[in-house]
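Trainee: Can you keep this structure in mind? I'll have questions shortly.
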Amino acid sequence: MTGKAVKFTKMQGCGNDYVYVDCFSQQIDDPPALARAIADRHYGVGGDGLILIEPAEGADAFMRLYNLDGSAAGMCGNGIRCTAKYIYDHGILPPERRTARIDTPAGVREIALTVEDGRVTAATVDMGIPKLTSELPERITVAGMALSFIGIDMGNPHAVYFLEDNPALGASDVSALPLAAWGADFETHPRFPDRVNSEFAAVRSRGEIDFRVWERGSGETLACGTGATAAVAAGILAGKLDDEVLVHLPGGDLRIRYDRAGGHAFMTGPAVEVFSGEYPLG
């Protein structure tokens with residue numbers, strides 16, 4: 001390849017895919033522009049956004065996330081598992097380590113690594129303390145539908161809609177929801193001046209839910225780790241769920257555990273490297 005290029009690695013967790021750039025050895029001058037270009041699924045590498053893996057003081061790395069539209073985000077659950085995999089698999093962490101500390105705009109997260117044959121295959125992330133940001137529940141009208149939601153902050157804002165509490169959605173199965181038609185109305189509702197991630201959950205049992213998400217700045221994605229954590233936290237607050245829940249997302253499963261003693265939520269799921277390459281700049 002001739003001319004200037006950026007080296008990248010494509011990774012995914014439950015189908016929530018990002019383009020990762022190792023900024024220990026490279027510098028990106030305009031991350032929002034690169035995110036819009038490199039994450040484009042038709043003209044770029046393709047992904048839900050761009051993640052920069054940077055040096056950090058007091059942590060093993062700093063994860064900086066940009067959505068598909070170039071907007072910045074504070075935290076990404078699937079993305080941080082893949083970031084932890086990258087820094088282990090690529091030698092930024094020593095091979096004997098089984099934990100990582102990754103800083104984000106939402107704060108430092110502690111990650112426990114599952115290593116097989118010298119590579120990280122899965123990780124458990126301390127997602128921090130879920131914070132209620134709404135009434136329990138709060139009423140709202142979206143796209144002409146009278147609904148109720150529970151707001152949860154996980155380092156980024158979430159609104160969780162349980163299907164059984166919202167007959168106006170017209171579905172008891174999350175797969176039947178027309179998110180492509182409604183998603184932008186939920187994301188940009190005036191109730192959320194900074195936009196919001198919107199989660200739609202159906203309770204199978206006290207330990208299992210089905211889930212879909214519309215992420216601000218990226219649209220519908222196959223998975224959202226912070227969103228899955230928010231949905232479980234909302235379900236626990238509403239008395240619907242126990243403290244350990246299997247979340248079925250379109251791209252795979254995540255396990256969320258709430259620790260009542262410390263108030264923290266923990267997310268466990270896979271991390272997969274897809275391929276690496278170079279992307280031309282300019």
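Trainee: Which residue pairs have Cβ atoms under 8 Å apart, sit 6 or more places apart or on different chains, and have a first residue in region 258-279 that is part of a loop (DSSP other than H, G, I, E, B) and a second that is of a type in the set (S, T, N, Q) and surrounded by fewer than 16 Cβ atoms within 10 Å (Cβ to Cβ)?
Mentor: Ala271/Thr121
Trainee: Answer yes or no as to whether Val160 is at pLDDT 95 or above, more than 16 Å from the chain's Cα centre (by Cα) and of a type in the set (Val, Ile, Thr).
Mentor: Here the answer is no, as Val160 does not meet what is asked.
Trainee: Does region 145-157 contain at least one residue that is over 26 Å from Gly263 (Cα atoms), at pLDDT 95 or above, open to solvent by 10 Å² or more (accessible area, probe 1.4 Å) and in a helix (DSSP H, G or I)?
Mentor: Among the residues of region 145-157, not one is over 26 Å from Gly263 (Cα atoms), at pLDDT 95 or above, open to solvent by 10 Å² or more (accessible area, probe 1.4 Å) and in a helix (DSSP H, G or I), which makes the answer no.
Trainee: Let me ask you something else. Checking the conditions here, which among Glu199, Glu220, Glu244 is open to solvent by 50 Å² or more (accessible area, probe 1.4 Å), touching a Phe, Trp or Tyr at 6+ places or on another chain (Cβ under 7 Å) and at negative phi?
Mentor: Numbers: Glu199 fails: open to solvent by 50 Å² or more (accessible area, probe 1.4 Å); Glu244 fails: touching a Phe, Trp or Tyr at 6+ places or on another chain (Cβ under 7 Å).
It is Glu220.
Trainee: State whether the residues of region 269-279 include one that is open to solvent by less than 70 Å² (accessible area, probe 1.4 Å) and out of contact with any Ser or Thr (no Cβ under 9 Å at 6 or more places or on another chain).
Mentor: For region 269-279, residues open to solvent by less than 70 Å² (accessible area, probe 1.4 Å) and out of contact with any Ser or Thr (no Cβ under 9 Å at 6 or more places or on another chain): present.
The values are calculated or read from the model by the stated rules, or taken from the named source; none is laboratory data. Source: prediction; values computed, not measured. Note that we place each Cβ from the backbone using ideal geometry, even for glycine, and neighbour counts take in every protein chain shown. Just the protein is used for accessible areas: all its heavy atoms, side chains included, with ligands, DNA and RNA removed. Shrake-Rupley method; radii C 1.70, N 1.55, O 1.52, S 1.80 Å.
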